[in-house]
1. Restricting to segment C:280-306, count the residues that are part of a strand (DSSP E or B) and under 18 Å from the mean Cα position of the chain (by Cα).
2. Does segment C:96-115 contain any residue that is more than 29 Å from residue C:27 (Cβ to Cβ), hydroxyl-bearing (Ser, Thr, Tyr), facing chain B (nearest Cβ under 10 Å) and not in a loop (DSSP other than H, G, I, E, B)?
3. Read through the list (1) modelled with pLDDT of 95 or more; (2) out of contact with any Phe, Trp or Tyr (no Cβ under 6 Å at 6 or more places or on another chain); (3) within 12 Å of chain A (Cβ to nearest Cβ), then give the number of the only condition that residue C:355 fails.
4. Might you check whether a residue that is within 19 Å of residue C:361 (Cα to Cα) and open to solvent by less than 70 Å² (accessible area, probe 1.4 Å) occurs anywhere in segment A:101-120?
5. Kindly state which helices (runs of 4 or more DSSP H) lie completely within segment A:391-508 and contain at least 2 residues that are farther than 29 Å from residue A:233 by Cα.
6. Being more than 34 Å from the chain's Cα centre (by Cα) and hydroxyl-bearing (Ser, Thr, Tyr) narrows it down to one residue among A:504, A:517; which is it?
7. In segment C:142-175, what count of residues is obtained for those that are open to solvent by 30 Å² or more (accessible area, probe 1.4 Å) and aromatic (Phe, Trp, Tyr)?
Amino acid sequence: MADLVKLTINDRHLEVPAGTLVIEAAKRNGIEIPSFCYYEGLALQAACRMCLVEVEKAPKLMVACTLPVAEGMVVRTETPTVQQARKSMLEFLLSNHPLDCPVCDKGGECELQDMVFRYGAGESRFTEQKVHEDEKQWSPVVFFDMPRCILCFRCVRICGEGMGVNALGVVNRGVLSEIAPNKGDHLECDECGMCIDICPVGALTSGTYRYKTRPWEMEHVGTICTHCSNGCKTTLGVRNDKIIRGNNRDRSGINGEFLCIKGRYAFDFSDHPDRLQTPLVRTGGKLQPASWSQALEVVAKNFQDVKQRGGRFGVIGSNHTTNEENYYLQKFARQVLMTNNIDHHRTGDVLTLLDALSGRNEALATTQDLYQSKAILVVAAELALEHPFLSFQIRANYRHHQAHVYAVTSQPVREDKTATVIVRAAPGAELSAVESLREKLKAEPELIILYGDAIKGDGVRKLVAFGTSLGIPVKYVPLVDYSNSRGAVDMGLMPELLPGYQPSQAFGLTWADMLASEDLGALWVIGANPLKNAELRARNAFMVVQEMFLTDTAQIADVVLPAASAYEKSGTVTNVCGEVQRLKRAIQTMGAKPDLEIIGLIAKEMDAAAVVGPWTSDSVFEEIRKNVRGYDVPVAMIATGGAAQTMPVNGRIAVESRTDLIRSTHDNLFTSGTLGRYSKMLNSVLERRLNYH
Amino acid sequence: MTFSPELEAKFDKLLKSYPPGRQRAAMVPMLLFAQDEVGSVTRELVDEVAKRVGVQALQVDEVITYYSMLHRKPLGKHHVQICTNISCLLTGGEELWKHACAKLGIGHKEVTPDGRISLEEVECIGACSWAPALQVNYDFHHQVTPEKLDQLLDRLRKLT
Amino acid sequence: MLYNEPSPLEVRVLSRRFGLPNSASIDTYLATDGYKALRKALEMKPEEIIEEVKTSNLRGRGGAGFSTGMKWSFVPRTSPKPKYIVVNADESEPVTCKDRVLIENDPHQLIEGMLIAALAADAHAGYIYIRGEYRYLIDILDTAIAEAYQHGYLGKNILGTSFSFDAYTHTGAGAYECGEESALLESLEGKRGIPRIRPPFPAVVGAFQCPTVLNNVETYCAAPAIIRDGGAAFAALGVPKAGGTKLTCLTGHVNKPGVYELPLGFSVDKMINEVGGGIRGGKKLKAFIPGGSSCPVLTAAECEGLTMDYDAMAKRKTMLGSGGVVIMDEDTCMVKVALRIMRFYAHESCGWCIPCREGTSWLRKTLVRFHDGMGQRDDIGLIGDLAKNMLGRTFCPLGDAAALPTISIVEKWAAEFEAHLNGRPCPYENVSQLVMA
């Protein structure tokens, strides 16, 4: 612990760690010192001069955002001089700031507006001509209105320091200074929108949100992003059952303020016109709209038939559905359909890692660990594009704690910028290249190793053996693709594994086997598109698909049931680091139902409801907590929006990983499987990028 | 982009003048010296300097828009910079400025149609004790009078 | 080359070689005690050099007037990082043109000064940051540096000792702000000249993030004399708390403007009337700027009994600054002066902090309008108010530099502002400011 320093702020006696800045010491003790340019975690600027305070014995007002506390320091934040100074700064700021609050997107949640309300300067003495520039569009996502900009440089810093992109800079000087994009008149960047959300005023506005609504007209629902596996909290702004925007300005999740383009903008698939809103049943060779009761009846009847004649079932689950849905689905398959033929698209080798660690649960890294560990090794992974939040954490760690970063990849990666050592290896040779780092890594006090899907099976065992041989505490992150890829494995959406990595009695068919099987009686696909580039051998199999869109798979189904998206349901998902978080329903889409409810209704229709139990997410989660090893996490922690790490194993796993089935799709920042294809925003960004290249 | 051997030699010397890994330090001198040869800071020059010192073009843009002697637009062959800051103001700098504008028919940062002479009203150039002063490119002219200015401008018009 | 006749009242220490034939050449330099101080300093311990500089009472000649000996002592000599010498030859403060003549006439004096500072700080490389407008000085210095290498005063094993030092010139490209030491360092590193947050000060974290001695040209140029003749002798030339001489740039409405080396504590009256030959046209003194356009402006009455030194100026609530003196006669329009000064600072504001960026721009616009006869009575109060709202609250001293002269003018010459009110044309506009030479 750092030494404590005693000081007083506004006659309150405080003790804070040495080195704390006065502005932080005040904030932690409930005293607000206003500021624009100060932003926790980013480089200090001392530019906005809003945080001027009186410090005894100082000849003039001091800037609280760069002033470290000192023993016996006496600070006053509300004296007439301080109040006058704040008011004068606001007056200066407003001199060139347009008073267009009524049409400004930021109105109602604008920091400048709030400060003027609180500290005065509402009346202007400025009668000269204002500096004006027309608004510019820098990308499909980012608009810039120069006159509104107060030059706090938050956007420049979040892009440079936070994202490692450096797409924004400052040009000109004096009153003509302005923020500029890296390509003259447009941006070439991650399109993450961090600059927009961090902007305290309406200078940077979002292509999806601008002029749509006012902040107070929305409900703000914090849920988990449904795209990649990083598990970022996204706070959805909802009006009239429509998602208007996504952000995480309240920094409520594991991701703080971080969100990538998908978390922030790619919610728009949810109201895509192609969204399925009514069940479809194949009649006369064509998929025809049907009522839910009709469709469920057809499903139940056919499932019963196949079961009665002893036919084979195939069940393919999803990387996006909740833990509850996955657990319930495998329970249904195993206890009602009496089959182990259940699988999902495996995107990373979690299984071998857990077996190799055999119970060393302390060797599983959390997203927070990535921010704190002294050393990090990235093997065969493009984190910035495929795991943007993990990449963000590593950069923050480097910035704040000078973490040593090692990158062993075949291509240049963004981690190179912060890397202590960069090793370039031919694709497939990354693992052997790690060996060259042995001596350096041995000297580290601790290490986290992240590895991509190229490392699997024996590769993972070798990597763990390497880690163990270093003689230092090593943690691992097995990279997987989607929002609940990890949970799908944990919940036993596998022919060889029951929930919690218990081997199943008799191994069922894998995904590939199901498609190749000649005598499959029924195929049930939930939130997956296995027939995108494949064919179903058993052409006469009865096929049910639960989906949001008429995918390649859904098109040849006998019954298609419209499913709710992650933003339309409750439940839990497990991220790449094994952290469980809770989804919160933001909207409802007419006609679609959550997969859990659909499975429950099918069970009911088959008179099997008693076998699978109630289909509420809370009751299923209770069952998971009891039955799935490592999931007995504190309910309060996740119920309040927190993340709880799961500790899935405590011994060897008596099943070999099917490495031939592990394949990452390597979705980048602008793609997201089926969801990505139905996001207008992602597509417009992709299109624009293509035009520039 | 190719430069004269003299300029390349200057660049080489500059890039060796700074500690290892600090070659960005050469950016401002490189831009100014190159501008003298190229005539202005062109897009091509920005990219070239960015490449040579190992930064993004945006970082060069940030720099060129900050320094008042770096110009994106071409200036005249003879860039006449008249100081009107305080010491020159008190001794007739403003009159010189107005006189030059009237005589050439151009204003601040403008170039005569023949591209020969450009004018700029500049801030203090460090010739205050010998005011009013002006610079033609880098050459100082001290205690300038309207008559001397006339002679100077006439000479510049004829100079090849 | 000299641009004005020297005055018999000068005490020529730093300018002793001015006017000698080929004064910039190393031969002239060596023939006139050149590099003797370096030989002496090579025999001294770093602490002894610093002690000698402290004894000299030399204070920074760039404008802030901080003790040079103290500044040199702050450099952590034992730090494993390389240490650097940086010369501030940006000379951007309006009314200042002394560093220019120091380099032009005696570049080796500056190089020797750098070498002495390098010995005191254990530095092995130095950069001379020269404003872009002074291109010809780069050529002069590059020549002098080449001469010094040839004669073994620069490079490896200087004069056969273990001491090595390399010197480089570096050009700016037009930015007043780069005269501020931390902005200069940013500029030296190839960035926009935005000042750094301090502490840490350049002595500890300076050029290329390493400990750095950063002084004005004139400050380094004083070092050879101090080491050669002793700190006490230098101190004795000045006043008790400020030793030596100061190059003074006499400008404005005097008969004999020029750069003169005067001992600290020199009478302002004598400077105007004897050194400067009195006010042109026998006019009366109206206003006086002692050290560059960022100083509060004094009235004629305030100049009575005033001497040119740091403390005397502080007592009159102004500053000795960089030595840029402006003499303004009775026909000068003070609104115009305030406007011109503000126009400069608005042009040069880097744009980093709110009060300077917005304040200078606002004041410039208001002063232009006011001088044009479109002012209102409220504007007079507003001008003073806005300047005070900048004062002491900006990120770097540029805000103060803009605010101080403005406040002094609007307070001391309020009547002139009144005279511009309500559409009345500037009462001074018809008086030709042009002096026919």
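The values are calculated or read from the model by the stated rules, or taken from the named source; none is laboratory data. The model shown is predicted, which means the values in this text are computed figures rather than measured ones. When we count neighbours, we look across all protein chains shown, and the Cβ atoms used for this are built from the backbone with ideal geometry, even at glycine. Each accessible area value is taken on the protein alone, full model and side chains, heavy atoms only, with ligands, DNA and RNA left out. Shrake-Rupley method; radii C 1.70, N 1.55, O 1.52, S 1.80 Å.
1. Number satisfying all stated conditions: 2.
2. No, segment C:96-115 contains no residue that is more than 29 Å from residue C:27 (Cβ to Cβ), hydroxyl-bearing (Ser, Thr, Tyr), facing chain B (nearest Cβ under 10 Å) and not in a loop (DSSP other than H, G, I, E, B).
3. Single failed check for residue C:355: (2).
4. No - not one qualifying residue is present in segment A:101-120.
5. The helices (runs of 4 or more DSSP H) meeting that bar are A:430-434, A:438-442, A:458-469.
6. None of the other options fit; the residue is A:517.
7. Count: 2.
Rundown of residues vs (1) open to solvent by 10 Å² or more (accessible area, probe 1.4 Å); (2) out of contact with any strand residue (DSSP E or B) (no Cβ under 6 Å at 6 or more places or on another chain); (3) on the phi < 0 side of the Ramachandran plot, yes/no style:
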residue: B:72; (1), (2), (3): yes, yes, yes
residue: B:98; (1), (2), (3): yes, yes, yes
residue: B:106; (1), (2), (3): yes, no, yes
residue: B:116; (1), (2), (3): yes, yes, yes
residue: B:127; (1), (2), (3): no, no, yes
residue: B:141; (1), (2), (3): yes, no, yes
residue: B:154; (1), (2), (3): yes, yes, yes
